[in-house]
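Report on one structure; see the data block that follows.
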Amino acid sequence: MMNNANVRGKRRLPAIDDIIRGSAVIMERVCGSGSCRCMRGHKHRSLYISRYHKGSPRMVYIPKEFEKKVLRLVDNYRILKSAIYKASELNIRRFAVGRQKRSHE
C-alpha cells in the first residue's frame, strides 16, 4: 500500500471543502461615467472565476473582500489535482510492475 507521505511530500493537502475548480480572471472595464478615472485609462478591475458548468463556460464575479480567500482556494484545487495525478501514476506503476512479475513466473 502506498504511504500518504509519498503523495503529500512535506506539504499537507488542502481539505476537500477548501477548493474551487476554475481559473482566476481579472477583468478591466470602464463604467461609462464621464468624470470617472476609468475614462482616462485607469480601468476598474474585478476578479472572476472562469469555469465550465454543464458544458458551457461560466464567469462568476468575486467581491473584493473575498478575492484573497478565493485565489487561495483556486490554488488549493491545483495542488489537490496534482497530488491525485501523482498518486494515480504511482499506483499504475505499482500494479503494472506486479503484473509483469506475475507473467514472467
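The values are calculated or read from the model by the stated rules, or taken from the named source; none is laboratory data. Quantities reported herein were computed from a predicted structural model and do not represent experimental measurements. Positions of Cβ are backbone-derived with ideal geometry, glycine not excepted, and every protein chain shown enters the neighbour counts.
For the range 64-71, does any single residue satisfy the condition of being assigned to a helix (DSSP H, G or I), exposed (fewer than 13 other Cβ atoms within 10 Å of the Cβ) and touching a residue at least 24 places away in the same chain (Cβ under 8 Å)? Scanning the range 64-71 turns up no residue that is assigned to a helix (DSSP H, G or I), exposed (fewer than 13 other Cβ atoms within 10 Å of the Cβ) and touching a residue at least 24 places away in the same chain (Cβ under 8 Å).
Evaluating residue 52 against the criteria (1) within 28 Å of residue 13 (Cβ to Cβ); (2) exposed (fewer than 13 other Cβ atoms within 10 Å of the Cβ); (3) over 15 Å from the mean Cα position of the chain (by Cα); (4) modelled with pLDDT under 95 leaves one unmet condition, (3).
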